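S.K.: Just dropping this structure here.
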Amino acid sequence: MAPEIQDDTMDLSRRNFIATATTATATAGAATLPLAPLAAQARIVPRASARVRSISAMTFAPDGRLIVADWRSGALHALSLPTRPQSEERSFNLLDLSDRLASTFGLSADQVRVTACVLHAPTQTVVLAVALGRTTGAAAGLAAVDAAGRVSRIPLDAAVVASQPLAAVPAEGLIWGRQPARTLMVTDLKAHGSELIVAGLTNASFTSTLRRIPYPFTSSGTASAVEMYHAVHNQIETRAPVRTFTIIDVAGEPTLLAAYTCTPLVTVPLSELKDGARVRGKTIAELGFGNTPLDMLPFSIDYKGRRSDWVLVANSAKAADLISLPDVVAAAQAPGLSQPVSAPFDQHAGVKTIPLPITSVQRLMDQGPQFLAALRRLPDDGQLQLVSIRKGAFFRLSDFVNEYDFPNYSYPAGDAFQQNYIRPFHQLMKTDEGHAVLVK
């Protein structure tokens, strides 16, 4: 069964959750796709010829170009991608993505690593950055995947139309004797208006940095040192980089909502990010120790004309955290955390979250009114998968085997709940996940 979720804006109780999932449709006014089609081509003059040597993070700019962070070259690149037709929202069910990518790039499946991915919602295309080998210095590749499972290779260097070097890149030291610190030069980036917000490390004494870079590229922009209070560690931290972030509105002010390893949630008004500034973020939550947040996704659910807004954090070592966006906004306007918590018995504080059964996920993407797309690697066979997860349900029925799933099962004829709620919900989920033949 699905989790029970209740808040002031939407009732997702046991029965209404199923009704929400069963009746959700992609109506024309349900969501606004923020990105222009890939065919929308603003003119950008290349600053210099460039070769993409690595990709640690990606985002789409408002003009449809793909922005990639290249830690080995110490630069951002803008790429013009092949045009694709508009597409309605469809469910992804690629359970053998490793094999498909391996075939596309001429590798064995165990050599395929995806280092970043992003969804272009108008065309329902996922763009994957692929490391062509298992070593840190492996060459970079780029591929596009659609819901039908077609994988196409994108000529990477030929797509570069502009590059912007980043100043003060990290030194060449190693973390734990194996990971170059420079790989953390850009841990996440997002487009916001006419600029790119970039999180990562520099070689300054306060190494954790937030950059604001004009787009189209005209300069290296600004860099601000960022620090925050980590309640589990009981100290002000200046070196740990922001691992993932999004941008939210707090009383009309654009505000960065960031997550760090181990897992503080921090807000920083963008207005404070000025060149050379030393900024202290406000810690609004501690979400659990021994974990690295992998992705942060804001999204909405519309049900019977009522909208609720959420933030979902995918994690490396625990279930995903679902957080009410109004709760985040309220916490951003409150004093914030200033006292330690004592792990492991008292590890959570601040904004409350709802744990969701979304695990083994590397990236999450908002497809539209109905689905979240997830890049994941399940432990049973090690395959990379690209799948859709229905909003409101927050799990895939075919990931499990339970009483309902055996061939001789029949829904009890006299049970109105089973017949009117569970059965239609199962029918919808089976169809979503490519198992319509099993509907009964």
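The values are calculated or read from the model by the stated rules, or taken from the named source; none is laboratory data. This structure is a prediction, so every number in the text was calculated from the model and none was measured. Cβ atoms come from the backbone with ideal geometry, glycine included; neighbour counts cover every protein chain shown. The protein model used for the area step is the full one, side chains on, heavy atoms only, and it has no ligands, DNA or RNA in it. Shrake-Rupley method; radii C 1.70, N 1.55, O 1.52, S 1.80 Å.
S.K.: State all residues of segment 57-73 that are open to solvent by 20 Å² or more (accessible area, probe 1.4 Å) and within 23 Å of Gln179 (Cβ to Cβ); if no residue qualifies, say none.
M.R.: Listed by number, the residues that qualify are Trp71, Arg72, Ser73.
S.K.: With the condition being over 30 Å from Lys391 (Cβ atoms) and of a type outside the set (Ser, Thr, Tyr), I'd like the strands (runs of 3 or more DSSP E) fully within segment 78-159 carrying at least 2 qualifying residues. Can you show your working first?
M.R.: Details: elements: 112-120, 125-132, 140-146, 151-153.
The strands (runs of 3 or more DSSP E) meeting that bar are 125-132, 140-146.
S.K.: Can you tell me which condition Lys430 does not meet? The list is (1) of a type in the set (D, E, K, R); (2) within 26 Å of Leu128 (Cα to Cα); (3) touching a residue at least 24 places away in the same chain (Cβ under 8 Å), and all the others hold.
M.R.: All conditions are met except number (2).
S.K.: Of the conditions (1) touching a strand residue (DSSP E or B) at 6+ places or on another chain (Cβ under 7 Å); (2) among the charged types (D, E, K, R); (3) under 21 Å from Asn93 (Cβ atoms); (4) loosely packed, with under 15 Cβ neighbours inside 10 Å, Arg150 fails just one. Which one is it?
M.R.: Going through the list (1) touching a strand residue (DSSP E or B) at 6+ places or on another chain (Cβ under 7 Å); (2) among the charged types (D, E, K, R); (3) under 21 Å from Asn93 (Cβ atoms); (4) loosely packed, with under 15 Cβ neighbours inside 10 Å, Arg150 breaks only (1).
S.K.: Here is a further query. Go through (1) part of a strand (DSSP E or B); (2) out of contact with any Lys or Arg (no Cβ under 9 Å at 6 or more places or on another chain); (3) within 16 Å of Phe245 (Cβ to Cβ); (4) open to solvent by 10 Å² or more (accessible area, probe 1.4 Å) for Asp295 and report which single condition fails.
M.R.: Against the list (1) part of a strand (DSSP E or B); (2) out of contact with any Lys or Arg (no Cβ under 9 Å at 6 or more places or on another chain); (3) within 16 Å of Phe245 (Cβ to Cβ); (4) open to solvent by 10 Å² or more (accessible area, probe 1.4 Å), Asp295 comes up short only on (2).
S.K.: Sticking with this structure for a sec: Looking at Ser163, Ser219 in this structure, which one is part of a strand (DSSP E or B), over 20 Å from Asp295 (Cα atoms) and not β-branched (Val, Ile, Thr)?
M.R.: Working: Ser219 fails: part of a strand (DSSP E or B).
After applying the criteria, what remains is Ser163.
S.K.: Further, regarding this structure: From the list Thr218, Thr202, Thr246, which one is over 24 Å from Thr135 (Cα atoms) and open to solvent by less than 40 Å² (accessible area, probe 1.4 Å)? Give the derivation first.
M.R.: Numbers: Thr218 fails: open to solvent by less than 40 Å² (accessible area, probe 1.4 Å); Thr202 fails: over 24 Å from Thr135 (Cα atoms).
Just a single option satisfies the conditions, and that option is Thr246.
S.K.: Can you tell me which residue among Asp327, Asp275, Asp309 is of a type in the set (Asp, Glu) and open to solvent by less than 60 Å² (accessible area, probe 1.4 Å)? Before you say what the answer is, go through the steps one by one.
M.R.: Numbers: Asp327 fails: open to solvent by less than 60 Å² (accessible area, probe 1.4 Å); Asp275 fails: open to solvent by less than 60 Å² (accessible area, probe 1.4 Å).
Exactly one of Asp327, Asp275, Asp309 is of a type in the set (Asp, Glu) and open to solvent by less than 60 Å² (accessible area, probe 1.4 Å), namely Asp309.
Table: residues versus (1) part of a strand (DSSP E or B); (2) out of contact with any Gly (no Cβ under 9 Å at 6 or more places or on another chain); (3) open to solvent by 40 Å² or more (accessible area, probe 1.4 Å).
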| position | (1), (2), (3) |
| --- | --- |
| Pro254 | yes, no, yes |
| Leu257 | yes, yes, no |
| Val279 | yes, yes, no |
| Phe289 | no, yes, yes |
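S.K.: With farther than 30 Å from Thr115 by Cα and free of Cβ contacts under 8 Å to residues at least 60 places away in the same chain as the only criterion, which of Pro269, Pro344, Pro340 stands out?
M.R.: Values: Pro269 fails: farther than 30 Å from Thr115 by Cα; Pro340 fails: free of Cβ contacts under 8 Å to residues at least 60 places away in the same chain.
Of the residues listed, the single one that is farther than 30 Å from Thr115 by Cα and free of Cβ contacts under 8 Å to residues at least 60 places away in the same chain is Pro344.
S.K.: Same structure, new question: Under 8 Å between Cβ atoms, at least 6 apart or on separate chains: pull out the pairs that start in segment 272-294 with a residue that is under 16 Å from Ser316 (Cβ atoms) and end on any residue that is buried (at least 21 other Cβ atoms within 10 Å of the Cβ) and of a type in the set (Lys, Arg).
M.R.: Thr292/Arg243; Pro293/Arg243; Leu294/Arg243; Leu294/Arg363
S.K.: Within segment 160-177, can you find the residues that are over 16 Å from Val198 (Cβ atoms) and without any contact (Cβ under 8 Å) to a residue 40 or more places away in the chain?
M.R.: Pass one, segment 160-177, residues over 16 Å from Val198 (Cβ atoms): 160-161, 171-177.
Once the filter is applied, which keeps residues that are over 16 Å from Val198 (Cβ atoms) and without any contact (Cβ under 8 Å) to a residue 40 or more places away in the chain, segment 160-177 yields Ala171, Glu172, Gly173, Leu174, Ile175, Trp176, Gly177.
S.K.: Tally the residues that are outside any loop (DSSP other than H, G, I, E, B) and over 21 Å from Lys318 (Cβ atoms), restricting the search to segment 337-360.
M.R.: Within segment 337-360, the subset outside any loop (DSSP other than H, G, I, E, B) is 348-350, 354-356.
Pick out the ones that are also over 21 Å from Lys318 (Cβ atoms) and you get none.
Count: 0.
S.K.: In segment 413-429, is there at least one residue being in contact with a Leu (Cβ under 8 Å, 6 or more places away or on another chain) and farther than 24 Å from Ala144 by Cβ?
M.R.: Start the filter on segment 413-429 by keeping residues that are in contact with a Leu (Cβ under 8 Å, 6 or more places away or on another chain), which leaves 426, 429.
Keeping just the survivors that are farther than 24 Å from Ala144 by Cβ gives 426, 429.
Yes, segment 413-429 contains a residue that is in contact with a Leu (Cβ under 8 Å, 6 or more places away or on another chain) and farther than 24 Å from Ala144 by Cβ.
S.K.: Out of (1) more than 19 Å from Ser56 (Cα to Cα); (2) open to solvent by less than 10 Å² (accessible area, probe 1.4 Å), what's the single condition that is false for Leu107?
M.R.: (2)
S.K.: Please find, within segment 385-429, the residue that is most open to solvent (accessible area, probe 1.4 Å) out of those that are of a type in the set (A, V, I, L, M, F, W, C) and farther than 30 Å from Val127 by Cα.
M.R.: Of all residues in segment 385-429, those of a type in the set (A, V, I, L, M, F, W, C) come to 386-387, 389, 393-395, 397, 400-401, 406, 413, 416-417, 422, 425, 428-429.
Those still in the list that are farther than 30 Å from Val127 by Cα too: 401, 406, 413, 416-417, 422, 425.
Values: Val401: 121, Phe406: 104, Ala413: 98, Ala416: 62, Phe417: 17, Ile422: 0, Phe425: 8 Å².
Looking at the filtered set, the residue picked out is Val401.
S.K.: To continue, here is another question. Mind counting the residues in segment 96-116 that are under 19 Å from the mean Cα position of the chain (by Cα) and among the hydrophobic types (A, V, I, L, M, F, W, C)?
M.R.: First pass over segment 96-116, keeping only residues under 19 Å from the mean Cα position of the chain (by Cα): 97, 113-116.
With the extra rule that they be among the hydrophobic types (A, V, I, L, M, F, W, C), the set shrinks to 97, 114, 116.
Qualifying residue count for the region: 3.
S.K.: Within segment 205-215, count every residue that is open to solvent by 20 Å² or more (accessible area, probe 1.4 Å) and modelled with pLDDT of 95 or more.
M.R.: Residues in segment 205-215 being open to solvent by 20 Å² or more (accessible area, probe 1.4 Å) and modelled with pLDDT of 95 or more: 3 in total.
S.K.: Here's another thing I want to ask about it. Is it true that Thr359 is touching a residue at least 24 places away in the same chain (Cβ under 8 Å), within 30 Å of Ser108 (Cβ to Cβ) and open to solvent by 30 Å² or more (accessible area, probe 1.4 Å)?
M.R.: Here the answer is yes, as Thr359 does meet what is asked.
S.K.: Within segment 228-236, can one find any residue that is assigned to a strand (DSSP E or B) and closer than 24 Å to Ala191 by Cα?
M.R.: yes
S.K.: Next question, about the same structure. For segment 80-104, how many residues meet the condition of being over 30 Å from Asp380 (Cα atoms) and surrounded by 16 or more Cβ atoms within 10 Å (Cβ to Cβ)? Can you show your working first?
M.R.: Taking segment 80-104 as the starting set, the residues that turn out to be over 30 Å from Asp380 (Cα atoms) are 80-88.
Cutting the leftovers down to surrounded by 16 or more Cβ atoms within 10 Å (Cβ to Cβ) gives us 80-81, 84.
Residues flagged as over 30 Å from Asp380 (Cα atoms) and surrounded by 16 or more Cβ atoms within 10 Å (Cβ to Cβ) within segment 80-104 amount to 3.
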